[in-house]
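The structure appears below as structure tokens.
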Amino acid sequence: MHNLSRRKLLAASAAAAGTLAAPGYLRAQSQTVELSVQYSIPVLFKDLIEKLVAGFNSANPSIRVSLRAPELGYEEIMQRNLRDAITNTLPDVAFHGLNRQRTLDERQIPVDLRPFMAGDPETPSLGFSDALLSLGRVGAKQTGVGFALSTPILYYNAELLRAAGGNPERLPESWDELLRLAAAIHNPGRSHTGMFFDWTITGNWSWQGLVFSHGGSMLNAEETRVAFNEEPGMRAIRLMRRMLDDGRMPDIQPATMFQDFLAGRMGIAMQSTAQLGRFNREIGGRFGLVCGRYPLSAPTARLPSGGNVAMMFTKDAAKQRAAWQFIKYCCGPIGATEMVRATGYVPATTVPATREDMLAGFYRDNPNHMIAIRQLDVLTGWYAFPGQNALRITDVINDHLQTVVNKSREPEAAMASMAQAVQGLLPRRAG
């Protein structure tokens, strides 16, 4: 895993700081190159992806991008594309969760993007820092380029916060402070809920956030043994129970959380920065929205980077050249500018934040979007479990965490069962 430093992330290359090179075009083709593209999470990405495809098709008349029907989430597109690999019906380009690159690469599905980047004279002007590109690597292979990156943050209803004695200018820095504030906000008589921590986010992302922010890890360095059941993980799973007992968190579905928070009935929600654009649009001016950093509970605390990468699957040479043009359009400064304005994600290019005609003014005018930028110094990879059971492990962890949230098991018992089950699903290593 690669921790990212603010210095690396904010330092654009001299080429990137200058005038952005005009979009490149393919050499003349005898006929139009047809590209199929697939993505997921349409609630966040449908309008954005369709806008980018329309812009790309207009600027690149020798390429025609068509979209496959989107899948609901990262697990669903993974399952779909694994089936497609068997039937030889893979899309030419697909947007996959960062934590699923390993599983795809183990099946030799993605094409290494390093040769395309190295052979393209425009690459230095795109602002792809090595630190950000590292999130799209499996070993030495550039399996993807970051399209939309996220971190976990806290969303606060400023009005409910003030009414409970909180200060939007001084948000909680620890879970103890946050749980006390949530309990103060909680008021069943007025249908006010104090907090919700969305532990169900795809790929065990929230669970990793809790463990990593307490200084722990998923497996040991050799990836032969479960490590999330060590002391940092124990503190994390006990905190989940405290959210219910001390913070009065209800056992509800995320859809209910969104309804309650957007309606002004919930005080605090832990969610991805990916949802910020949606929160802004649906809250409008009904109440003040303030975003805060995720509490860090250890000197070695880290946070998992969420989001997705653009990956090339096609093995056809002409389609590969066209696919690279589409990937760099979406992930480069042009696509990144549209992506940030439409969502709460962080781009994988450093250029837009330095350009007044792109995002420099946007970030000044929208301080909530800066929270994710300020957490980049503790960002690390979204862990991918090894082996053929990676997707199953995700489900097993979710099932055991549910027993903590519904209080059918105590945290210690749930952890013991969860660790044993995951250990049995890890690949057996010689020696």
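The values are calculated or read from the model by the stated rules, or taken from the named source; none is laboratory data. Since the structure is predicted, the reported quantities are computational estimates derived from the model, not experimental observations. Cβ: placed from backbone, ideal geometry, glycine included. Neighbour counts: every protein chain shown. The accessibility values were calculated without ligands, DNA or RNA, using every heavy atom of the protein model including side chains. Shrake-Rupley method; radii C 1.70, N 1.55, O 1.52, S 1.80 Å.
Things worth noting here:
- Only listed residue being out of contact with any strand residue (DSSP E or B) (no Cβ under 7 Å at 6 or more places or on another chain) and not aliphatic (A, V, I, L, M), chosen from 136, 127: 127
- Pairs are defined by a Cβ separation below 9 Å, a sequence spacing of at least 6 or placement on different chains, a first member in region 183-207 that is within 15 Å of residue 269 (Cβ to Cβ) and hydroxyl-bearing (Ser, Thr, Tyr), and a second member that is open to solvent by 30 Å² or more (accessible area, probe 1.4 Å) and part of a strand (DSSP E or B); the pairs so defined are 193/187.
- The residues of region 125-174 that are touching an Asp or Glu at 6+ places or on another chain (Cβ under 8 Å) and either open to solvent by less than 20 Å² (accessible area, probe 1.4 Å) or assigned to a helix (DSSP H, G or I) (or both), listed by number, are 142, 143.
- Any hit, region 248-262, residues being surrounded by 15 or more Cβ atoms within 10 Å (Cβ to Cβ), under 23 Å from residue 343 (Cα atoms) and acidic (Asp, Glu): yes
- In region 78-124, the residues that are closer than 28 Å to residue 351 by Cβ, β-branched (Val, Ile, Thr) and crowded, with 19+ Cβ neighbours inside 10 Å: 93, 111
- Pairs with Cβ under 6 Å, 6+ apart, first in region 158-181 and of a type in the set (Ser, Thr, Tyr), second buried (at least 16 other Cβ atoms within 10 Å of the Cβ): 174/295
- Tally, over region 313-328, of residues that are assigned to a helix (DSSP H, G or I) and of a type in the set (Val, Ile, Thr): 1
- Residue 375 being open to solvent by 40 Å² or more (accessible area, probe 1.4 Å) and of a type in the set (S, T, N, Q): no
- Only one of the listed residues (203, 209) is part of a helix (DSSP H, G or I) and at positive phi. That residue is 203.
- Test result for residue 273, open to solvent by 10 Å² or more (accessible area, probe 1.4 Å) and either within 20 Å of residue 345 (Cα to Cα) or free of Cβ contacts under 8 Å to residues at least 12 places away in the same chain (or both): no
- Of the residues in region 287-302, none is under 19 Å from residue 38 (Cα atoms), basic (Lys, Arg) and surrounded by fewer than 20 Cβ atoms within 10 Å (Cβ to Cβ).
- Check on residue 8, modelled with pLDDT of 50 or more, under 30 Å from residue 380 (Cβ atoms), part of a helix (DSSP H, G or I) and open to solvent by 70 Å² or more (accessible area, probe 1.4 Å): no
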